[in-house]
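**Q** This is the structure, below, for whatever I ask next.
The values are calculated or read from the model by the stated rules, or taken from the named source; none is laboratory data. This is a predicted model, so every value here is computed, not measured. When we count neighbours, we look across all protein chains shown, and the Cβ atoms used for this are built from the backbone with ideal geometry, even at glycine. Areas reflect the complete protein model, heavy atoms only, side chains present, ligands, DNA and RNA absent. Shrake-Rupley method; radii C 1.70, N 1.55, O 1.52, S 1.80 Å.
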Amino acid sequence: MALDLDADFALRDQIMKRLAYLRDQSGGVVTRDQLTDLEINGQRRRIIDQSAGIWNPSDLNATLSILSSPTGPYDDGQVEGGYFRYDYKTGSIGGSNTKLRRAVELGLPLILLLKLKPGIFVPVFPVFAVRYDDDARQILIALDESLRFIEHPETLSEPLKRYAEQTTLRRLHQPVFRASVIRAYHTQCTVCRLKHGVLLDAAHIRPDAHESGLPVVSNGLSLCKIHHAAYDQNLLGIRPDGVVQINQDLLGETDGPMLKYGLQQMHQTSITLPRRKIERPSTDALEWRYEQFKAS
Ligand SMILES: [Zn+2]
């Protein structure tokens, strides 16, 4: 028996809050184990399907989560201006797809799970199923609440198109960048080794406004909030050989422990690099950025 709609909404809300907590602790990801055994109100719940991409809990009125896996059998990575096209499960139009269509009819929020690595996911929520197309066997997912009620998502006006593109960046690309970078650095600040996911950011080496400022791990650094801000303000620089430099004026100041231990004592220390070579910061990017630090 499915819950009444109010209870269904409330339960989804609780699941998403719990998921947000777990995601933030880890620096942006959740594991399959966490998704298989999530504690909600003292009960254990599964919020990912064991093998398929669409998870339809029996007590909910519509699909709860959909999985997008670039290595999976579905051609579901189609992102277009704030919307995500998700393919039906193969086989009959009914079965798991019935509850996916119900999500459109009932307007219930969903969780989109982007597979980062085997067993590791970047959760994006809430997202909304806004339209289904049985002929194309696809469902259209709005990545943001504000894009839910637009009547013709295919023909957005220019300002809306820009807004929708920013939505894709904010809701999909940035979370994936953040999670990939923090994960590459084993959830620690590359400068001070602080290991709290909630206090970590993925900093761009070349800013994202720069033409080579791509959201790829080799253009990122996992930094704690204070070192991220110091890096962005050129109070802290990182030499291409990975040695930290603190701004000369700052080195001469006298103040409390944050200045002394958090910044001054980081001068001339080496950053901690990802174990995998391919995930280490690009020397070109570090060089470019270090020039900015020296010039400031
Ligand atoms: Zn730090």
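**Q** As an exercise, identify the trypsin sites (Lys or Arg not before Pro) in the range 253-296 lying in DSSP coil whose Cβ has no more than 15 other Cβ atoms within 10 Å.
**A** Numbers: sites: LYS260, ARG275, ARG276, LYS277, ARG289, LYS294; in loops: ARG275, ARG276.
Within the range 253-296, the qualifying trypsin sites (Lys or Arg not before Pro) (loop, at most 15 other Cβ atoms within 10 Å) are ARG275, ARG276.
**Q** So what is the relative contact order for the chain, in percent, with contacts set as C-alpha pairs under 8 Å and at least six apart? Please list the in-between numbers first.
**A** Values: 522 pairs, mean separation 41.6, N = 296.
So the answer I get is 14 percent.
**Q** Mind pulling the angle between the C-alpha long axis of helix 96-106 and the longest principal axis of the chain? Nearest 10 degrees, somewhere in 0 to 90.
**A** 80 degrees
**Q** Ok, one more. Determine the dipole magnitude for the range 5-178: charges of +1 sit on the beta-carbon of Lys and Arg, -1 on that of Asp and Glu, nothing else is charged, the reference point is the Cα centre, and the result goes in debye to the nearest 20. Present the calculation step by step, with values, prior to reporting the outcome.
**A** Numbers: 23 positive and 23 negative charges, 110 e Å.
Charge dipole of the range 5-178: 520 debye, to the nearest 20.
**Q** So, one more: May I ask you to evaluate 6.51 cos²θ - 1.76 cosθ + 1.60, the Karplus curve with θ = phi - 60°, for each residue of the range 242-250 and list the ³J(HN,Hα) values in order in whole Hz, giving x for glycine and proline?
**A** Using θ = phi - 60°, the values come out as x, 8, 7, 10, 9, 3, 4, 4, 5 Hz.
**Q** Could I ask something else about it? Using only alpha-carbon positions, what ratio does the radius of gyration of the chain give when scaled by 2.2 N^0.38 Å?
**A** Details: Rg = 21.9 Å, N = 296, 2.2 N^0.38 = 19.1 Å.
Dividing the Cα radius of gyration by 2.2 N^0.38 Å gives 1.14.
**Q** Quick one: Cα centre-to-centre distance for the range 252-296 and the range 1-43, in angstrom?
**A** Cα centroid of the range 252-296 versus Cα centroid of the range 1-43: 37 Å apart.
**Q** Can you give the net charge of the other residues whose Cβ lies under 11 Å from the Cβ of ARG289, counting K and R as +1 and D and E as -1?
**A** On the way: positive: ARG206, ARG239, LYS294; negative: ASP232, ASP284, GLU287, GLU291.
Result for the local shell: -1.
**Q** Turning to a different aspect of this structure: Roughly how compact is the range 5-178, stated as its Cα Rg over 2.2 N^0.38 Å to two decimals?
**A** Numbers: Rg = 15.3 Å, N = 174, 2.2 N^0.38 = 15.6 Å.
Expressed relative to 2.2 N^0.38 Å, the Cα Rg reads 0.98.
**Q** Also, I was wondering about something else. Given a 1.4 angstrom probe, what's the average accessible area per residue across the chain, in square angstrom? Numbers along the way, then the final one.
**A** Working: 14840 Å² over 296 residues.
Normalised by residue count, the accessible surface of the chain is 50 Å².
**Q** Under 12 Å Cα to Cα from LYS161, which aspartates and glutamates show up? Leave out anything in the same chain fewer than 8 places away.
**A** In chain and number order, the partners are GLU80.
**Q** Something else about it: Could you please state how large a percent of the accessible area of the range 5-178 is carbon and sulfur, counting protein chains only and using a 1.4 Å probe? Please list the in-between numbers first.
**A** Details: 4150 of 8220 Å².
The value for the range 5-178 is 51 percent carbon and sulfur by accessible area.
**Q** Longest segment of the chain with no GluC sites (Glu not before Pro) in a DSSP loop having at most 10 other Cβ atoms within 10 Å? Numbers along the way, then the final one.
**A** Numbers: sites that count: GLU151, GLU211.
No qualifying site falls inside 1-150, the longest such stretch.
**Q** Under a 5 Å amide H to amide H cut-off, with H placed in plane at 1.01 Å, what residues pair with GLN245 once short-range neighbours are removed?
**A** GLY237, ILE238, ARG239, GLN268
**Q** When the Kirkwood radius is taken over all Cα pairs of the range 188-295, what Stokes-Einstein diffusion coefficient follows at 37 °C and 0.692 mPa s, in µm²/s? Working shown, then result.
**A** Numbers: Rh = 13.9 Å.
Estimated diffusion coefficient is 236 µm²/s.
**Q** Per residue of the range 151-166, in order, report the coupling 6.51 cos²θ - 1.76 cosθ + 1.60 (Karplus, θ = phi - 60°) as ³J(HN,Hα) in whole Hz, putting x for Gly and Pro.
**A** Ordered by residue, 3J(HN,Hα) equals 6, 10, x, 6, 10, 6, 5, 4, x, 5, 4, 5, 4, 5, 5, 5 Hz.
**Q** Moving to a separate point now. Average projected area of the Cα convex hull of the range 45-127, in nm²?
**A** Working: hull surface 22.6 nm².
Result: 5.6 nm².
**Q** In vacuo Debye scattering of the range 3-70, one point per C-alpha: log10 I(q)/I(0) at q = 0.18, 0.19 Å⁻¹?
**A** Those come out to -0.70, -0.78, one per q.
**Q** Further question on the same structure: Report the gain in length on full extension from SER69 to VAL243: 0.36 nm times residue separation, minus Cα-Cα distance, nm rounded to one decimal. Please list the in-between numbers first.
**A** Working: separation 174, 0.36 × 174 = 62.64 nm, distance 3.73 nm.
Length gained between SER69 and VAL243: 58.9 nm.
**Q** Here is a follow-up. Which ³J(HN,Hα) values, rounded to whole Hz and listed in residue order, are derived for the range 5-10 from phi using the Karplus coefficients 6.51, -1.76 and 1.60 in 6.51 cos²θ - 1.76 cosθ + 1.60 with θ = phi - 60°, glycine and proline given as x?
**A** With the stated coefficients, the range 5-10 comes to 4, 4, 5, 4, 4, 5 Hz.
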